[in-house]
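The values are calculated or read from the model by the stated rules, or taken from the named source; none is laboratory data. None of these values were measured; they are calculated from a predicted model. Every residue, glycine as well, gets a Cβ built from its backbone with ideal geometry; the counts of neighbours run over all protein chains shown. Side chains included, ligands, DNA and RNA excluded: accessible areas come from the protein's heavy atoms. Shrake-Rupley method; radii C 1.70, N 1.55, O 1.52, S 1.80 Å.
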Amino acid sequence: MFNAVASRITQIMLLKAGPQDLPTSPNLLQLATALFLATAIARLLLVSDLTVALVQSALSIVILAVFVRALLNWKRTPERFVQTMTALFLTSAVIGLLLLLPLDALQPLLKALTENPDISPEQLEIPAMAMYAWAGLSIWGLVISAHIYRHALDISFGFGVCVALLYEILLIFIVGFLSRLFGAV
């Protein structure tokens, strides 16, 4: 089963398959959630402490689940939830693993910006290749999410991009709001 799922995830990431091509398996969804959580925590640990990484990662899971459930209910296709979430979590986990290398190279820059948001760009040494790799992988991840939403919601790819961007904006807004409210969420 592992080889079949790995093959399907690869096909989804190459935009040649959709979430409907994955098995509807609550056990696979649990594994996908754990992998997503682990990669999200690993990325966040590069710029924050463990508590913040855990809270933000768990929060992103909850927000994504509520977001996807609401969209699928709106489209009257709630039966697609397990496959859609599995596809989103597994592809995000793969992108998250790939992002670790450029994020590690960007870590000094990110910490400097976190500690002093008013720092001028001239004071920073920006590793160009790491920045390009991070940007490319982030865009690829957004395209993959749009592709998954396109299939899950039976919408055009353009609307899929809008949905993927809406989730990212919503996540940034909620995490930012809670960070200001509680201090370092």
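Please state which one of Ala65, Ala17 is under 13 Å from the mean Cα position of the chain (by Cα) and under 19 Å from Ser145 (Cβ atoms).
Values: Ala17 fails: under 13 Å from the mean Cα position of the chain (by Cα).
Result of the check over Ala65, Ala17: Ala65.
Checking the structure you have, find out if any residue of region 79-100 is farther than 23 Å from Ala130 by Cβ, among the small types (Gly, Ala, Ser) and either open to solvent by 20 Å² or more (accessible area, probe 1.4 Å) or under 12 Å from the mean Cα position of the chain (by Cα) (or both).
yes
State all residues of region 107-146 that are within 22 Å of Ala42 (Cα to Cα) and outside any helix (DSSP H, G or I); if no residue qualifies, say none.
The answer is Ile126, Pro127.
If only one of Leu106, Leu110, Leu142 is surrounded by fewer than 17 Cβ atoms within 10 Å (Cβ to Cβ) and either touching a residue at least 24 places away in the same chain (Cβ under 8 Å) or in contact with a Cys (Cβ under 6 Å, 6 or more places away or on another chain) (or both), which one is it? Please lay out each step first, then the result.
Numbers: Leu106 fails: surrounded by fewer than 17 Cβ atoms within 10 Å (Cβ to Cβ); Leu142 fails: surrounded by fewer than 17 Cβ atoms within 10 Å (Cβ to Cβ).
Sole residue among the options that is surrounded by fewer than 17 Cβ atoms within 10 Å (Cβ to Cβ) and either touching a residue at least 24 places away in the same chain (Cβ under 8 Å) or in contact with a Cys (Cβ under 6 Å, 6 or more places away or on another chain) (or both): Leu110.
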